[in-house]
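Okay, structure first, notes after.
The values are calculated or read from the model by the stated rules, or taken from the named source; none is laboratory data. Since the structure is predicted, the reported quantities are computational estimates derived from the model, not experimental observations. Quick reminder, even Gly has a Cβ in these numbers, built from the backbone with ideal geometry, and neighbours come from all protein chains shown. In case anyone asks, the SASA skips ligands and DNA or RNA and just uses the protein heavy atoms, side chains included. Shrake-Rupley method; radii C 1.70, N 1.55, O 1.52, S 1.80 Å.
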Amino acid sequence: MTEPFTLNSKIKDLYKSPIGHDIVYKILLQMGMGEWVIQNPIVGNLRLKTLSTFTKKSIGPGFFNTLINLLNNEKDVPLNDDSEIVRKWWKEAVFYQIYPKSFMDLNGDGIGDLRGIISKLDYIKDLGVDAIWLCPIYDSPFDDNGYDIRDYYKISDVFGTMDDFDELLSKVHRRGIKLIMDLVVNHTSDEHQWFKGDHKDFYFIKESKGNNPPNNWTSYFGGSAWNKYDDDKWGLHLFSKKQMDLNWDNAELRREVYKMINFWLGKGVDGFRLDVINYISKTKDLPDGDEFVGKLMGFCGIEHYFYGPKLHEYLKEMRKETFDKYDAFSVGETPGVGIEMSKLLTSDYRKELDMVFSFDLLETPGHGKFDDYIYDLNYLKHYMIEWMENYGNHCFMSIFYDNHDNPRMLSKVDPSLEHRAVLAKLLAIIQFTLKGTPFLYQGQELGAVNKPFKSMDELRDIESINLYESLKGSIGEKEAFKKILSGTRDHSRVPMQWNNEKNGGFSKGTPWINAYLDSFNALDEEKDIDSILNFYREIIYLRKNSEALKYGDIEFRYKKHKNLFVYTRKINDEAYFIECNLSRMNLKRPYKKDFKERVLSNYKDDSEVLRPFEGNVYKVI
Ligand code: TEU
Ligand code: CA
């Protein structure tokens, strides 16, 4: 047992603990600094109390006490042995994320629906997908596009009926594809029967006099994280004002959640993606957050819920009461969690989650989603090396770029779209040859990019609209819109482009959000042998038929060589060599190119130098 952490502890000792490592790493990342800071002996030998004295003007004492509690709360250290990887279907699968509202509208009301998804199952099958992740389709007032659930047991009328769902599930299974659904159990809609009726005890309802909320926590969608009701009662909502946080310390609530999960698993659903699942355990009595941390992380109070005191306990209980009964898959969405915490959440022997989505790759250090900057792929290289060299074989990574909450990676790296096709294919090469489970987000396979929205009138996302309203007074409408345009989630919610008919063939009606005016669409790309779509089909086929690309060891080469990303994948007598140019300039190879068989490339011919964003996959044995 290591000595408990105190204000006397040194930064370098903190960094050796899983929680300390991730928190310090995250703070450095947000400040745009690297781990080298810790390796500096002056910094490494700094004691917390010295740091707290130096920083007392900006960091309150509460932060250091919270940090020490977080560190001392986590007694476990992840196992790092070199055990064999346990093979599972979800480690071999290619996942495809569907945002139903924007996928395919069959009844012409301008909103995607289940029958629309059913009509596109052969397209999904032909892509080579093994599993679908379906974003929420439950009954909802759509304050946050379905992440505000009103009835967990009902399909939203907007999407269809339970019969439509049963038909979708059986047709997905008949094609040998699995289906995971979105589980949103950190909060419900304020229109849920539990909130409206007699289960206010399932939520955080606190007394507070006057106009001062129970604490200083802020919401992800702007303003205080508290709604004020009459008689001095307040309700906690980390997200929209209509998304009320559930109190997981209430055992009866947990039982109701498990009952619901088993209802869906009993229908044959193969697992779940768990929405902000690391937020479900909050620090007792919900103390104030540190203002400095709030400014740094963007949300005040996060240190009191992103890795709460009973998180592991609740995840173990949930798995035992539900997932394990059906051998179902679970992937947690865990904002703010780093590599060491991810190991404690997903190591197979821990029996909590199977996998997590970690978001530290989505923005380069010191940048946030709404910053207008060019994403340097050298950071993606650094991130993947950092994780893949340290994650071990008890855990398995998810590999993704796009999802429904973020702008398109293609546009982040190359906003001019000058290199769109070759870059889209390079990103595919990296995603499908690295070691981990690839998650494709709808449209990524077509080379979907951000939409050049013309005004706020075109936007639908509550996060963007709230942020715009909060900014326009201080920086003016033009600058506020420009900032929103950099990071709005609506970039990834523009409807799919199926053909060159009106609205890209997404809907015969008026889409709930304007369709692209862009040229790319699935039908044209089907017919073009060199299209991004056909490249995705090729690389997915290559991966699915290669043990080395699924389970093989990964070894990174020339790690310090800027703009060059080179690695091998090897298992038994199968090996690949992958070389990528992460830049828009030509790049000389620091090695002889004497490989035998180039099996895939985003350039037609061969060349002595690596051309802009060139990616090549060679089979070496
Ligand atoms: O997102 C939670 C999360 O990761 C936030 O930090 C996210 O970045 C948020 O969208 C602000 O940008 C999940 C869902 O993916 C998201 O669509 C929901 O809005 C949110 O939870 C609340 O359910
Ligand atoms: Ca519809």
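For residues that are among the charged types (D, E, K, R) and within 16 Å of ligand 1 (Cβ to nearest atom), scanning just the stretch 195-247, find the one that is most open to solvent (accessible area, probe 1.4 Å). Applying the filter and picking the extreme gives K241. Within the stretch 290-316, being among the acidic types (D, E), under 20 Å from F204 (Cα atoms) and out of contact with any Asp or Glu (no Cβ under 9 Å at 6 or more places or on another chain) holds for one residue alone: E313. Taken across the stretch 147-156, residues that are closer than 24 Å to T188 by Cβ, open to solvent by 10 Å² or more (accessible area, probe 1.4 Å), away from ligand 1 (no atom under 16 Å from the Cβ) and of a type in the set (F, W, Y) do occur, with at least one present.
The set of residues from the stretch 71-97 being of a type outside the set (D, E) and open to solvent by less than 30 Å² (accessible area, probe 1.4 Å) comprises L71, P78, I85, W90, K91, A93, V94, F95, Y96, Q97.
For the stretch 199-227, the tally of residues that are in a loop (DSSP other than H, G, I, E, B) and β-branched (V, I, T) stands at 0. Kindly indicate whether R569 is within 23 Å of L377 (Cα to Cα), basic (K, R) and in contact with a Phe, Trp or Tyr (Cβ under 6 Å, 6 or more places away or on another chain). So R569 fits the description; yes.
The residue of the stretch 461-484 that is farthest from ligand 1 (Cβ to nearest atom), among those that are within 25 Å of the chain's Cα centre (by Cα) and in contact (Cβ under 8 Å) with a residue 60 or more places away in the chain, is K482. As for the stretch 55-67, it holds no residue that is among the small types (G, A, S), farther than 30 Å from K435 by Cβ, part of a loop (DSSP other than H, G, I, E, B) and within 16 Å of ligand 1 (Cβ to nearest atom). Just so you know, in the stretch 562-609 the residues that are open to solvent by less than 10 Å² (accessible area, probe 1.4 Å) and either over 31 Å from the mean Cα position of the chain (by Cα) or of a type in the set (V, I, T) (or both) include one that is farthest from L426 (Cα to Cα), and it is V566.
Taking the criterion of being open to solvent by 10 Å² or more (accessible area, probe 1.4 Å) and within 16 Å of ligand 1 (Cβ to nearest atom), the only residue of the stretch 98-132 that qualifies is K101. For Y603, state whether it is at pLDDT 95 or above, more than 21 Å from M384 (Cβ to Cβ) and not charged (D, E, K, R). Answer is yes for this residue.
Kindly provide the set of residues from the stretch 338-357 that are surrounded by fewer than 19 Cβ atoms within 10 Å (Cβ to Cβ) and either of a type in the set (K, R) or at positive phi (or both), ordered by number. Once the filter is applied, which keeps residues that are surrounded by fewer than 19 Cβ atoms within 10 Å (Cβ to Cβ) and either of a type in the set (K, R) or at positive phi (or both), the stretch 338-357 yields only K351. In this structure, is E469 more than 18 Å from H367 (Cβ to Cβ) and buried (at least 22 other Cβ atoms within 10 Å of the Cβ)? Considered against the rule, which asks whether it is more than 18 Å from H367 (Cβ to Cβ) and buried (at least 22 other Cβ atoms within 10 Å of the Cβ), E469 comes out as no. Return yes or no: is I98 closer than 26 Å to I529 by Cα, of a type outside the set (S, T, N, Q) and within 11 Å of ligand 2 (Cβ to nearest atom)? So I98 fails the test.
Tell me yes or no: at least one residue of the stretch 169-189 is among the acidic types (D, E), buried (at least 16 other Cβ atoms within 10 Å of the Cβ) and more than 21 Å from E252 (Cβ to Cβ). Yes. Here K26 meets the list (1) basic (K, R); (2) assigned to a loop (DSSP other than H, G, I, E, B); (3) within 16 Å of ligand 1 (Cβ to nearest atom) almost entirely, failing just condition (2). Considering the stretch 135-144, the residues that are surrounded by fewer than 22 Cβ atoms within 10 Å (Cβ to Cβ) and either more than 27 Å from L459 (Cβ to Cβ) or not hydrophobic (A, V, I, L, M, F, W, C) (or both) include one that is nearest to ligand 1 (Cβ to nearest atom), namely D143. Among the candidates N503, N499, single out the residue that is among the polar types (S, T, N, Q), open to solvent by 10 Å² or more (accessible area, probe 1.4 Å), touching a Leu at 6+ places or on another chain (Cβ under 6 Å) and under 20 Å from E445 (Cβ atoms). From the options N503, N499, the qualifying one is N499. Restricting attention to the stretch 497-533, the residues that are touching a Lys or Arg at 6+ places or on another chain (Cβ under 7 Å), of a type in the set (A, V, I, L, M) and within 20 Å of D457 (Cβ to Cβ) add up to 1. Scanning the stretch 286-337 for residues that are open to solvent by less than 20 Å² (accessible area, probe 1.4 Å) and either more than 26 Å from N215 (Cα to Cα) or among the polar types (S, T, N, Q) (or both) returns L315, M318, T322, F323, A328, F329, S330, V331, G332, T334. Residues that are closer than 14 Å to V269 by Cα, of a type outside the set (S, T, Y) and within 22 Å of the chain's Cα centre (by Cα) do occur in the stretch 137-157, at least one of them.
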